[in-house]
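A quick write-up on the structure given underneath.
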Amino acid sequence: MRTLLFAATVLAALPAAAQDPQGRNLAAPCAICHGTDGRAVTNDVIPLAGLPREHIATQMRAFRDGKRPATVMHQIAKGYNDAQIDSLAAWFAAQKR
Amino acid sequence: MKRRDFLKLAGAAAGAGSLAGLAGCASMAPSKARVVVIGGGFGGATAAKYIRLWDPSIDVVLIERESGFTSCPISNLVLAGYADMQDIRQGYDGLHRHGVQVVRDEALAIDAAKKTVRLASGGDISYERLIVSPGIDFNFGEVQGYEAAMNAGRVLHAWKAGAQTTALRQQLEQMRDGGIYVLSIPLAPYRCPPGPYERASLVAAYFKQAKPRAKVLVLDANPDVTSKAGLFKAAWKDLYPGILEYRGNAKAVGIDAATMTVKLEVEDVKGDVLNVVPPHRAGDIAQKAGLITTNNRWCDVDWRTMESKAAPGVHVLGDATLSAPAMPKSASMANNHAKIAAAAIVEILNGRAPAPVQILNTCYSFVSQKEAIRVSSVHAWDDKDRTLKAVTGSGGVSSARSDAEGAYAWSWARTIWADSLA
């Protein structure tokens, strides 16, 4: 019981976005290039974990709409609508760096 | 874990020397359920890790017959001498750190009704959910004389990274200047659509430096280059004129080891090094377990969960699946199939309904030591057609080959290795 109470306290302390399975599931495939939970493995990609939500969402829209040049992200971002972008941005923003 | 099951598992694991690792779980709190994963490649390793990440109260046991992981991506650089075998090898320590119990053993049979897996070391292991990520095996019989020639060391596929990668590198190093390296590609679908063309490019790059009179002859059963065709052909024209020759509609049907000849449907071709990649199917355990549903080769799945269409409670990942439309058999896809399965299994074992997961693919291919090209796609569940489909307007290929894409290719490799195994 003590363990359950402790777990409940920890869960309550985390931002809701960190628990959101929809955002988590949308973000998980990005890990093949950006690292698990957006924690980058190399210096060649941007570490997404803990970046401001608004920044991630704005950049994704800029890639999608052709306003920010890219080698690959302009093609990937076109696969995501506004709601999906907001959801995965909130999830990455809530991850520990 | 039920005591009876634990004893069975401990007994099975004793032969593999993993008893200590398994015994550790006996002292922990009772788990919610056990998931067994067969195969520690990109699909199986990722699934094992992500189930533990997303619900640590689920026990995960990974059955893998090799002592470590060897990556097919980057293995073509090893063939050309631009990377070492140690660059593409990883251990399973990272999975241990996530609480995955890695058992070195081989799955011989699956009883989907009893929910048990028979292990080569003896004994059964039970599961609530099973993940089968067996990769590919070959239909050697479709190329007459193949197995005898392979066993005599006269032909290699090197289409599973490992001992054959090392052997092919040695054959290329020992080949005379002026010799011919023959690469034969099976009809699609096969593992890694751009892989053969990357291999042809990199062997040509090696010859250009080390054996300038040697030739690469590509015999493709397909009518044309199946992936990144424009980018590959531009690289071949610019970088390897007079070295690399490509022939489409050139299907290998036999090997004559004595004369080092590849028999095509209409002619015979001699070579000094024969690298014939036979047609594939889902890996052996999928075949033995009755998971193959289509063309005697592939395993159809529900793309919302990766659950087999042939066996309830069994999820099939990676190259073994009957690919969804426009979906390649790639490491990126296997890794992301694993996340679909992990998300679905965590929901199911917690009494909730799984939701579809949108995934993406990115594959890099080197065309020289430093330059690479890329293809990407995004795949979303389509409720009408009941499958994953490429999202209209998304995806595409590199604008041109470049050193920058080469750096991204290495970054992708290091990152997906870590995402799958660390």
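Just so it is clear, none of the values below were taken in a lab; they were calculated from the coordinates. Quick caveat, the model's predicted, so the values are computed rather than measured. Neighbour counts are summed over all protein chains in view; Cβ atoms, including those assigned to glycine, are modelled from backbone coordinates with ideal geometry.
Quick notes on this structure:
- Quarter of the Cα convex hull surface for the stretch B:244-293, i.e. its orientation-mean projected area (nm²): 5.4
- Derived scalar couplings ³J(HN,Hα) [the stretch A:67-72; Karplus, 6.51 cos²θ - 1.76 cosθ + 1.60; whole Hz; x for Gly, Pro]: 8, 10, x, 7, 8, 9
- Alpha-carbon gyration tensor eigenvalues x 5, square-rooted, for the stretch B:140-278, Å: 21, 18, 14
- Angle between chain B longest axis and helix B:229-239 axis [Cα atoms, degrees, rounded to 10]: 50
- Dipole magnitude for chain B: about 480 debye, using +1 per Lys or Arg Cβ and -1 per Asp or Glu Cβ, origin at the Cα centre.
- For the stretch B:371-422, a Kirkwood radius taken over Cα pairs fed into Stokes-Einstein (4 °C, viscosity 1.567 mPa s) yields D = 99 µm²/s.
- Against the main long axis of the alpha-carbon atoms of chain B, helix B:163-174 sits at an angle near 20°.
- Exposure rule at most 12 other beta-carbon atoms within 10 Å, DSSP loop GluC sites (Glu not before Pro): chain B longest free segment: B:1-264
- Unit charges on C-beta of K, R, D, E only; dipole of the protein assembly as shown, Debye: 700
- A DSSP coil position with no more than 16 other Cβ atoms inside 10 Å describes the following trypsin sites (Lys or Arg not before Pro) in the stretch B:160-238: B:ARG176, B:ARG213.
- Once the C-beta distance of B:ASN151 and A:ARG97 is scaled by a Förster radius of 51 Å, the resulting FRET efficiency is 0.45 to the nearest 0.05.
- Over the stretch A:16-93, volume per residue of the alpha carbon convex hull, in Å³: 83
- About the Cα centre, charge dipole magnitude for the stretch A:16-93 (Lys/Arg +1, Asp/Glu -1 at Cβ), debye: 160
- Considering only the protein assembly as shown, percent of DSSP beta bridges that pair antiparallel, nearest 5: 50
- The alpha carbons of the protein assembly as shown stretch over 75, 60, 42 Å along the principal axes, in descending order.
- Cα-based helix-to-principal-axis angle, B:331-349 vs chain B, degrees rounded to 10: 10
- Dipole of the stretch B:140-278, positive end: most advanced residue of B:PRO186, B:VAL273, B:GLN170 [Cβ charges, Cα centre]: B:GLN170
- Just so you know, the Rg over Rh for chain B is 0.98, from Cα atoms, with Rh as the Kirkwood radius.
- DSSP assigns beta bridges within chain B; of those with both partners inside it, close to 50 percent run antiparallel.
- Ordering of A:59-68, B:293-302 by burial proxy (mean other Cβ atoms within 10 Å per residue, highest first): B:293-302, A:59-68
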